[in-house]
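No value in this document is a laboratory result; all are computed from the given coordinates. As the structure is a computational prediction, the values presented were derived from the model and not from experiment. All Cβ positions, even for glycine, are placed from backbone atoms using ideal geometry, and neighbour counts span all protein chains on display.
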Amino acid sequence: MVFKPLPSRPAPRQTVGIIGWLRTNLFNGWFNSFLTVIGLGLLWQTVPPLLSWAIFDAVWIGGSDACPPGYEGACWAFIFNKFRVLMVGLYPGDLLWRPMLAGGIFMVLAAVTVLRLLKPGKLIALWFLLPLPVYWLIAGGLGLTAVDQSRWGGLMLSLGLATIGVLISLPLGILLALGRRSNFAIVKSICVGIIEPVRGVPLITILFMASVMMPLFLPVGLNINNLLRIQIGIILFSAAYMAEVVRGGLQAISLGQYDAAKSIGLNYWKTTGLIVLPQALRHVIPSLIGRCIALFKDTSLVIIVGLLDFLGMVKASAQDPEWLGHDTEAYVFCALVFWVICFSMSRYGRSLERQKDSDEITPRSAGQA
């Protein structure tokens, strides 16, 4: 008698498709089912009113008279009317092409970075060169009309403070981390003396010191504008935290890496630059991205020392007598912009982590093959 296997039967409908997904993720046991029902009830109570306020009953165009007092929908016309101020602050209207061009350069370089169209070395060089044309376009000089920094503001100022802060604080933090692990007592003491005091105080304290106290210690006749002082304070604060993040990555490198480098005749700087530091930075990609996100959000604190960044312009615009009562829309828009930028940075960081994981798996698989 010849054995003939029965044909394969389809999986039970309760375990595949939408029914299987619901049973596995939402109704897996009585407790999960209870939480699912409660969650659906909360969504039913909150989502429809939110959609009605934000979309269906909202006013999108028009002046302040299009949103009379007591109107139940959102007045997004306020955002459209104040959009230029929210983006670039009080920058002269006839010179708007300059911040627009600077923003376009920034966006193109960001897209090239995300899409990985250039090698890392070239990307790093372009990012460090980016502040030069951007500052020339926004500030003026060398053939362009100068624009006083007191007229800078909005999202342009927030992105500028955060971008320059990251570009300078990251290499400075790497140097501080290496110096803290140095065998030279003087170098180590200097680095510890910078890192620990800065990490021991909140950012707002450093901003106040940069804005109020620093001019008292400058030589007579030397004047540094408030924006530059604030930028220096942000860089120092971020560099101290970056240093500790990088130091954690350096501690994750085994001593065998140093011994292997010595065995082939590499000196300290070649060992650090070619072997240790690349591995250390790969280990702390999530923490570095987290610090970049935190730095961008911390730029909102500069409103306390007189700079009208994005949040400052939102607050100032909401106090316009013609648009009183629409601060909710202003802060919702501000929160949405912050979330979009921070979420985009987190997703880019996640893509770097996946690339790191694939790079680690591929050589091992090739070696096994």
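For the range 1-103, what is the relative contact order in percent, using Cα pairs closer than 8 Å and at least 6 residues apart in sequence?
Details: 51 pairs, mean separation 13.7, N = 103.
Dividing the mean separation by the residue count of the range 1-103 yields 13 percent.
Using DSSP to define loop residues, name the chymotrypsin sites (Phe, Trp or Tyr not before Pro) in the range 1-103 whose beta-carbon has at most 13 other beta-carbon atoms within 10 Å. Don't jump to the answer; show the numbers that get you there.
Working: sites: F3, W21, F27, W30, F31, F34, W44, W53, F56, W60, Y71, W76, F78, F80, F83, W97; in loops: F3, F27, W60, Y71, W76.
Those satisfying the criteria are F3, W60.
Is the shape of the range 212-343 best called rounded, prolate or oblate, per the rule: a/c under 1.5 gives rounded, else a/b larger than b/c gives prolate, else oblate, with a ≥ b ≥ c the square roots of the Cα gyration tensor eigenvalues?
It is oblate, given that a/c is not under 1.5 and a/b is not larger than b/c.
Considering only C-alpha atoms, what is the centroid distance from the range 105-131 to the range 320-351, in Å?
After rounding, the separation between the Cα centres reads 25 Å.
Given the range 82-355, what count of lysine pairs have C-alpha atoms under 30 Å apart, with each pair 8 or more places apart or on different chains?
Final tally of qualifying lysine pairs is 12.
Can you list which of the chymotrypsin sites (Phe, Trp or Tyr not before Pro) found in the range 158-252 are DSSP loop residues with at most 13 other C-beta atoms within 10 Å?
Those satisfying the criteria are F184.
Classify the range 295-343: rounded, prolate or oblate, from the alpha-carbon gyration tensor (a ≥ b ≥ c, eigenvalue square roots; a/c under 1.5 rounded; otherwise prolate if a/b is larger than b/c)? Walk me through the intermediate numbers first.
On the way: a/c = 3.68, a/b = 1.32, b/c = 2.79.
It is oblate, given that a/c is not under 1.5 and a/b is not larger than b/c.
Estimate the FRET efficiency between N267 and V114 by the formula 1/(1 + (r/R0)^6), using the beta-carbon distance for r and 51 Å for R0, to the nearest 0.05.
0.90
So what is the 222 nm mean residue ellipticity for the chain from helices alone, if each DSSP H run of at least 4 adds -39500 (n - 2.57) and you divide by all residues, rounding to the nearest 500 deg cm²/dmol?
Numbers: 18 runs with 243 residues, N = 369.
Result for the chain, helices only: -21000 deg cm²/dmol.
Please give the length that would be gained between L274 and R9 if that part of the chain were fully extended, namely 0.36 nm times their separation in residues minus their C-alpha to C-alpha distance (nm, one decimal).
89.8 nm
Please give me the summed charge of the neighbours of S189: other residues whose Cβ is under 15 Å from its Cβ, Lys and Arg +1, Asp and Glu -1.
+2
Spin-label point model (7 Å from Cα, Cβ direction): what's the A146 to D259 distance in nm?
6.1 nm
Considering only V88, V245, V108, give the residue with the highest GNM mean-square fluctuation for the chain, with springs between Cα atoms whenever their separation is below 10 Å.
It is V108.
Can you list the DSSP H helices in the chain whose Cα atoms extend at least 27 Å along the helix axis and whose mean Kyte-Doolittle hydropathy is 0.0 or higher?
Numbers: long enough: 30-51 (31 Å, 1.20); 154-180 (37 Å, 1.88); 226-251 (38 Å, 0.98); 327-368 (61 Å, -0.27).
Span-like helices, by this rule, are 30-51, 154-180, 226-251.
For the chain, rounded, prolate or oblate, judged on the Cα gyration tensor with a ≥ b ≥ c (square roots of eigenvalues), a/c < 1.5 rounded, else prolate if a/b > b/c?
Oblate shape, in that a/c is at least 1.5 and b/c is the bigger or equal ratio.
Can you tell which of T271, T46, T205 shows the greatest fluctuation in a Gaussian network model of the chain with Cα springs below 10 Å?
T46
Expressed as a whole number of Å, what is the distance separating the alpha-carbon centroids of the range 18-40 and the range 172-202?
51 Å
Report, in whole Å, the centroid distance computed from the Cα atoms of the range 213-247 and the range 44-90.
39 Å
Restricting to DSSP loop positions (anything but H, G, I, E, B) with no more than 12 other Cβ atoms inside 10 Å of their own Cβ, which trypsin sites (Lys or Arg not before Pro) remain in the range 1-92?
The qualifying sites: there are none.
Of the residues V37, V340, V201, which exhibits the maximal mean-square fluctuation in a Gaussian network model of the chain defined by a 10 Å Cα contact cut-off?
Comparing V37, V340, V201 in a Gaussian network model of the chain, the most mobile one is V37.
Using a 4.7 Å cut-off between beta carbons, which cysteines in the chain end up with no partner cysteine at all?
C191, C292, C334, C342, each lacking another Cys Cβ under 4.7 Å.
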